[in-house]
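Undergrad: First the structure, which I've put down as structure tokens, then a few questions once you've had a look.
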Protein chains: 2
Amino acid sequence: MKTTRNTTAKTAVLEIFEKSTTALSHTEIYKELHDVCDRVTIYRILDRLINDDIVHKISNLDGTVKYAKCNHSHQKVHIHNHAHFSCENCNEITCLENVKPSYIMPHNYKVNEINFTLSGICPKCLNSNI
Amino acid sequence: MKTTRNTTAKTAVLEIFEKSTTALSHTEIYKELHDVCDRVTIYRILDRLINDDIVHKISNLDGTVKYAKCNHSHQKVHIHNHAHFSCENCNEITCLENVKPSYIMPHNYKVNEINFTLSGICPKCLNSNI
DNA sequence: ATATATTTGCAACAATATTGCATTAATAAA
DNA sequence: TTTATTAATGCAATATTGTTGCAAATATAT
Ligand SMILES: [Mn+2]
Ligand SMILES: [Mn+2]
Ligand SMILES: [Zn+2]
Ligand SMILES: [Zn+2]
């Protein structure tokens, strides 16, 4: 099997996720790491982290794609069934690990993954708007 | 106020949505309309239709963005609270107008819109795989 | 220290989306 | 119907995001 290695760039990416309370885009990550490694390297690191179930990908209504570190510990079956919140004001995306939608599907669909993103105004922006 | 006009291109785009049972990407729409108008025009028409609550945008985890005509009639408050299904096999995206997730949000979030996309295998692909 | 396979940088490419500006065309007013 | 107004369009240029091939660098096991 193909083993995954711990490199300087990968460690740096993980540290950035650790520090951040919100999901990050490739561009945002690269801004912090343009001295450490190439653009392409970050794409490849993110791919690996997703493959290893360490990071998950979130796509926003406006088409932007962000990444966040998984906070839930690794269960046997790793599913990202929690919601994300996307603030229309500050554009930050936050994992809502405790918000899990319930729903009833029609027959004959095989669901592998769900992507549940709510958008609106986040608490931070609501407060500063008083 | 800025009024919106009915043009040949806009009518053509709407007709394509009318015919289609699935959501369509900009590229798919342009393939049918490359004799009618420019690429850019289609982007602008889609923007207007979204603004007028006639079309809604669906962005997929793989980065693809699709559009679908709203089938629910215009209520006072127009919310796209239905789910979408994205087939991993044929890549078609279908509106599931009857699937509406229920969920409990933490306080202090103002939710304006939701994006609930499930991915997996659609009925058509499940059947042809027997 | 050496071997091996993963990871990286770089450059090139591809796909998707946006912008400015002159021209065209839809709609309202005369 | 003709004219005036302004939204909509075409086109070319530019921006943004993501992918690929390949040689060189580096992490890990032996
Ligand atoms: Mn997760
Ligand atoms: Mn709708
Ligand atoms: Zn905010
Ligand atoms: Zn399918």
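Bear in mind these aren't lab numbers, they're just calculated from the coordinates by the rules spelled out. This is a predicted model, so every value here is computed, not measured. Quick reminder, even Gly has a Cβ in these numbers, built from the backbone with ideal geometry, and neighbours come from all protein chains shown.
Undergrad: In B, who owns the beta-carbon nearest the axis carrying B over to A, and how many Å from it?
TA: So the closest residue, with its distance, comes out as B:Pro101, 2.
Undergrad: Using the 7 Å Cα-to-Cβ label point, sort the distances from A:Ser25 to its equivalents in the other copies shortest first and give them in nm to one decimal.
TA: Those separations, rounded to one decimal, come out as 2.0 nm.
Undergrad: Which is farthest toward the positive dipole end of region B:26-110 among B:Asn81, B:Asn71, B:Leu61, measuring Cα position about the Cα centre, with Cβ charges +1 (Lys, Arg) and -1 (Asp, Glu)?
TA: The residue sitting farthest along the positive end of the dipole is B:Asn81.
Undergrad: Same structure, new question: Can you list, shortest first in nanometers, how far A:Ile104 lies from the same residue in the other copies, with each label 7 Å from Cα toward Cβ?
TA: 2.1
Undergrad: Considering only C-alpha atoms, what is the centroid distance from region A:42-62 to region B:12-66, in Å?
TA: So the separation of the two Cα centres works out to 27 Å.
Undergrad: Kindly state, to the nearest 0.05, the FRET efficiency for A:Ser128 paired with A:Ser20, given R0 = 25 Å and r defined as their beta-carbon distance.
TA: Working: r = 20 Å, r/R0 = 0.79.
Computed FRET efficiency for A:Ser128 and A:Ser20: 0.80.
Undergrad: Right, something else. Report the Cα-based extents of the protein assembly as shown along its three principal axes, largest first, to the nearest Å.
TA: Largest to smallest, the principal-axis extents are 58, 56, 38 Å.
Undergrad: Mind scanning A:Lys124/B:Lys66; A:Lys2/A:Lys66; A:Lys19/A:Lys57; A:Lys19/B:Lys57 and naming the pairs with a C-alpha gap bigger than 28 Å?
TA: Values: A:Lys124/B:Lys66 31 Å; A:Lys2/A:Lys66 26 Å; A:Lys19/A:Lys57 18 Å; A:Lys19/B:Lys57 32 Å.
The answer is A:Lys124/B:Lys66; A:Lys19/B:Lys57.
Undergrad: Quickly estimate the mean residue ellipticity at 222 nm for the protein assembly as shown, helices only: each DSSP H run with n ≥ 4 gives -39500 (n - 2.57), and the total goes over all residues, rounded to 500. Please list the in-between numbers first.
TA: Values: 8 runs with 76 residues, N = 260.
Calculated mean residue ellipticity at 222 nm is -8500 deg cm²/dmol.
Undergrad: While we're here: Could you state the principal axis extents of the C-alpha atoms in chain A, from the largest down, to the nearest angstrom?
TA: 46, 42, 25
Undergrad: Once you charge only the Cβ atoms, +1 for Lys and Arg and -1 for Asp and Glu, what is the size of the charge dipole of chain B about its Cα centre, to the nearest 20 debye?
TA: Values: 15 positive and 14 negative charges, 81 e Å.
The dipole of chain B has a size of about 380 debye.
Undergrad: What does DSSP give for chain A in terms of the percent of beta bridges that are antiparallel, rounded to the nearest 5? All intermediate terms of the calculation are to be shown ahead of the outcome.
TA: Details: 11 of 16 bridges.
The antiparallel fraction comes to roughly 70 percent.
Undergrad: So, one more: For A:52-61, what's the mean count of beta carbons from other chains sitting within 10 Å of each residue's beta carbon? Write out the running numbers ahead of the final one.
TA: Working: counts 0, 0, 0, 0, 1, 3, 1, 10, 2, 9.
So the per-residue partner count for this stretch is 3.
Undergrad: Another question about this same structure. At 7 angstrom along the Cα-to-beta-carbon line, where would the label on B:Arg44 sit relative to the other copies? Give the distances in nm, shortest first.
TA: For B:Arg44, the inter-copy label distances come out at 4.2 nm.
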